[in-house]
Amino acid sequence: MFQDVLLETGAQISDNGIVQTFGNDEEALKAADSGCAVIEMSHFGRLRVTGDDRLRFLHNQSTADFLPLKDGEGCDTVFVTNTARTIDLATAWAMNTAVILLVSPETRHDLIKLLNKYIFFSDKVEVDDITEKTSYFSIVGPQSDNVMRQLKLESLIDKPYGTHVHYTANGAPVTVGVGSGLCTKGYSFLVSTAAAGPVWTSILKCGALPMGSSAWERLRILQGRPVPGKELTDEFNVLEAGLWRTISQTKGCYIGQETVARLITYNGVKQHLHGVKLTGAVEPGTILTTRDGVKAGKLTSCTREAPYFGLCYIRKQCGGPGLEIKIGDGSVTGILVQVPGLARELSSGSRTVT
């Protein structure tokens with residue numbers, strides 16, 4: 001079993017099956033920064049959307065343009081409410097007969113219900129949960145290409161984000177795609193349960209260091225990747241969350257499209273998600289103020305280890321990177337900084353909203 005392989009490599013696994021750590025969080029984070037780390041992410045959801053209308057259906061349900069996608073291509077997309085409030089940031093891989101959605105663990109079941117709600121009688125679409133039938137992990141770091149070469153997967157190097165290929169390991173199917181869900185160079189592996197152990201072991205033999213969910217949480221905060229329940233909630237819209245790169249401005253109607261269009265047209269974004277360097281650890285949800293005592297926003301995430309870093313929503317009128325803020329009672333302070341995962345403009349290069 002794959003879990004046995006993970007335990008042999010030092011995994012500490014929670015009661016609900018999540019790999020918390022391999023006892024090497026600091027080393028794994030350094031590998032993601034200067035080498036290569038492999039992150040066990042099988043607790044994330046994998047949904048398989050099939051049927052002749054699958055691309056049109058997903059095109060209408062989320063922010064990305066699905067209609068041009070061909071077999072072997074992919075993209076990131078955001079599922080939003082009718083008022084463009086954020087539900088989840090997902091990665092989509094278009095295949096010959098299906099689209100695979102890689103989604104957050106918190107939204108896996110809710111997204112299945114949501115998608116099924118919008119499947120009408122005449123729609124040729126089915127949504128299946130393949131999470132329990134598969135494993136999922138990603139490699140990140142500047143040395144990821146070297147690992148791919150050793151795995152004989154160099155054909156993916158320098159290909160566009162979301163490009164993916166299929167191969168077999170021990171006679172079982174494996175899909176490998178460009179991108180790790182972070183801004184760091186990386187690749188993702190969707191693996192059948194039969195192949196998970198051998199593929200994981202092969203990646204480790206290529207020099208990648210294993211990483212668990214606690215180090216991934218620190219990494220995603222540093223990178224600025226928003227997640228459900230923290231940065232992605234019904235309090236914030238997709239533009240405020242800095243996910244402009246996932247939005248097509250040329251596609252037709254989709255859920256939340258009218259709100260997004262109005263926000264862009266009338267420069268209606270009132271707050272932005274930022275990174276913040278902190279002088280100490282702070283509880284998410286803490287109110288932030290300027291040095292003059294003006295309410296500026298709210299902290300949504302914070303690392304638990306020094307150097308402390310967080311993500312926060314800040315009212316646009318209060319300022320941006322370089323702004324000094326007070327957290328809560330002021331015993332902890334911070335300064336806003338840019339992070340790689342957040343954007344302020346549409347991916348097509350249209351005007352910037354500041």
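The values are calculated or read from the model by the stated rules, or taken from the named source; none is laboratory data. Because the structure is predicted, anything quoted here is derived from the model rather than measured. In this analysis, Cβ positions are derived from the backbone assuming ideal geometry, glycine residues included, and neighbour counts consider all displayed protein chains. With ligands, DNA and RNA removed, areas are computed over all heavy atoms of the protein, side chains included. Shrake-Rupley method; radii C 1.70, N 1.55, O 1.52, S 1.80 Å.
What net charge do the residues around Lys124 carry, taking every other residue with its C-beta under 11 Å from that of Lys124, with Lys and Arg at +1 and Asp and Glu at -1? Charge balance in the 11 Å sphere: -2.
Within the accessible area of the chain, the carbon and sulfur atoms contribute 50%, probe 1.4 Å, all protein chains present. A cut-off of 5 Å between modelled amide H atoms, ignoring neighbours fewer than 5 places along the same chain, links Val238 with Thr86. Given their separation in residues at 0.36 nm each and the Cα-Cα distance between them, Thr333 and Ser122 gain 70.4 nm when the chain is fully extended. For Leu209, the shell of other residues with beta-carbons less than 14 Å away shows a net charge of -3, using +1 for Lys and Arg and -1 for Asp and Glu. Spin-label pair Val5-Lys159: with each label point 7 Å from Cα along the Cα-Cβ axis, the two points sit 2.1 nm from one another. Taking amide hydrogens as placed 1.01 Å from N in the peptide plane, the amide H of Ser301 sits under 5 Å from those of Leu311, each at least 5 positions away in sequence or on another chain.
Positive contributions from Lys and Arg (+1) and negative ones from Asp and Glu (-1), summed over other residues with Cβ under 12 Å from the Cβ of Ala64, come out at -1.
This model, with +1 at the C-beta of Lys and Arg and -1 at the C-beta of Asp and Glu, gives the chain a dipole about its Cα centre of some 920 debye.
Taking only the C-alpha atoms of the range 201-298, the Rg (one decimal) and the largest Cα-Cα distance, Dmax (whole number), read 18.0, 55 Å. The equivalent ellipsoid that matches the C-alpha gyration tensor of the range 36-145 spans semi-axes of 24, 16, 14 angstrom, in descending order. Once the 1.4 Å probe is applied to the protein heavy atoms, the range 1-269 comes out at 42 Å² accessible per residue.
Placing one equal scatterer on every Cα of the range 270-345 and applying the Debye formula, the log10 ratio I(q)/I(0) at q = 0.21, 0.28 Å⁻¹ is -0.82, -1.49. A crude spin-label estimate for the pair Thr81 and Lys316, with each label 7 Å from Cα along the Cβ direction, gives 2.1 nm.
Based on every Cα atom in the chain, Rg and the maximum pairwise Cα distance Dmax equal 20.2, 64 Å.
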